[in-house]
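Mind having a look at this structure? Questions to follow.
The values are calculated or read from the model by the stated rules, or taken from the named source; none is laboratory data. These numbers come from a predicted model, not from an experiment. Cβ sites come from the backbone with ideal geometry, for glycine too, and all protein chains shown count toward neighbours.
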Amino acid sequence: MKTIVITGANRGIGLAFATLYAQQNHVVYALCRQSSVELAALGNNVKVIEGVDVTEASGIETMQHSLHGVKIDLLICNAGILRDEKLGHLNLDTIRQQFEVNALAPLHVVASLQTNLVNGAKVAMITSRMGSITDNTSGGRYGYRMSKAALNAASMSLAHDLAPREIAVGIYHPGYVQTEMVNHGGDISATDSASRLIGLIDQLTMANSGVFKHSNGQELPW
């Protein structure tokens with residue numbers, strides 16, 4: 001039985017992670033700004049921590065206080081947002097917002113919980129292939145692409161900085177997932193995506209720490 005912490009756990013992929021790990025009888029700490037009916041129904045294996053806005057100092061403090069003394073085997077940084085900007089209609093506010101949520105917040109979460117991570121723990125960063133510069137063949141989505149590229153860069157640095165403690169960092173694209181973020185227009189369910197990612201996390205070792213992977217196992221270009 002492992003202790004697993006998941007951000008953005010009230011819906012979508014985060015909820016699917018919480019559900020599947022609870023079914024495996026792991027102890028799950030489900031972090032979110034506000035719980036959901038589905039999350040609350042998962043039972044005693046899932047400890048819901050509300051009031052965790054990962055972009056706010058108060059949210060990070062709530063997280064740290066609620067997890068005081070908790071030894072973490074797996075930390076999944078899943079919380080993220082998607083906005084849309086085009087060259088002729090740039091919105092710098094939404095671009096900044098995506099940097100705060102998608103790039104700065106996950107780094108802040110890991111840094112704030114690093115003393116909770118046991119030696120040999122794992123960290124999973126849920127990113128997107130849209131953060132790949134090589135894979136960008138259509139342009140647009142400036143804030144999302146830029147923030148996910150920044151997250152990828154931070155994740156690689158974490159892989160190096162946490163290596164002395166044998167903490168492996170996985171960098172994962174979940175696929176085009178049928179979640180509220182994309183108006184449920186994806187081609188894979190949140191449950192199927194989370195199941196694939198759990199398989200990759202199980203295979204995560206120091207040998208493949210810092211590798212950028214699709215949920216189907218394909219290694220993605222930077």
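Could you list, in sequence order, the residues of the stretch 23-38 that are farther than 13 Å from Thr191 by Cα and not β-branched (Val, Ile, Thr)?
Gln24, Asn25, His26, Tyr29, Ala30, Leu31, Cys32, Arg33, Gln34, Ser35, Ser36, Glu38, listed by residue number.
Let me ask you something else. Which condition breaks for Asp202 when tested against (1) within 30 Å of His89 (Cα to Cα); (2) at pLDDT 95 or above; (3) acidic (Asp, Glu)?
The number of the failed condition is (1).
I would also like to ask the following. Residues that are more than 15 Å from the chain's Cα centre (by Cα) and surrounded by fewer than 20 Cβ atoms within 10 Å (Cβ to Cβ), at least 3 per element: which strands (runs of 3 or more DSSP E) completely within the stretch 104-222 meet that?
Because the criterion is at least 3 residues that are more than 15 Å from the chain's Cα centre (by Cα) and surrounded by fewer than 20 Cβ atoms within 10 Å (Cβ to Cβ), the strands (runs of 3 or more DSSP E) in the stretch 104-222 that meet it are 117-126.
Can you pull out the residues in the stretch 58-79 that are in a helix (DSSP H, G or I) and within 17 Å of the chain's Cα centre (by Cα)?
Once the filter is applied, which keeps residues that are in a helix (DSSP H, G or I) and within 17 Å of the chain's Cα centre (by Cα), the stretch 58-79 yields Gly59, Ile60, Met63.
Shifting gears a bit: If Glu38 meets every condition in (1) surrounded by 16 or more Cβ atoms within 10 Å (Cβ to Cβ); (2) in contact with a Leu (Cβ under 9 Å, 6 or more places away or on another chain) apart from one, which number is that one?
(1)
What residue, of Gly143, Gly120, is farther than 24 Å from Ala16 by Cβ, at pLDDT 95 or above and touching a strand residue (DSSP E or B) at 6+ places or on another chain (Cβ under 9 Å)?
Numbers: Gly143 fails: touching a strand residue (DSSP E or B) at 6+ places or on another chain (Cβ under 9 Å).
Exactly one of Gly143, Gly120 is farther than 24 Å from Ala16 by Cβ, at pLDDT 95 or above and touching a strand residue (DSSP E or B) at 6+ places or on another chain (Cβ under 9 Å), namely Gly120.
Would you pick out the residues in the stretch 80-103 that are surrounded by 15 or more Cβ atoms within 10 Å (Cβ to Cβ), part of a loop (DSSP other than H, G, I, E, B) and of a type in the set (A, V, I, L, M)?
Ile81, Leu82
How about the stretch 11-31: which of its residues are under 13 Å from the mean Cα position of the chain (by Cα) and at negative phi? Explain how you work it out, then say what you get.
First, the residues of the stretch 11-31 that are under 13 Å from the mean Cα position of the chain (by Cα): 11-18, 30-31.
Listed by number, the residues that qualify are Arg11, Ile13, Gly14, Leu15, Ala16, Phe17, Ala18, Ala30, Leu31.
Which residue pairs have Cβ atoms under 9 Å apart, sit 6 or more places apart or on different chains, and have a first residue in the stretch 15-27 that is without any contact (Cβ under 8 Å) to a residue 12 or more places away in the chain and a second that is of a type in the set (Val, Ile, Thr)?
The qualifying pairs are Gln24/Ile198.
Just one of (1) within 23 Å of Leu162 (Cβ to Cβ); (2) crowded, with 19+ Cβ neighbours inside 10 Å; (3) of a type in the set (S, T, N, Q) trips up Gln64, so point out which.
Result: Gln64 fails condition (2) only.
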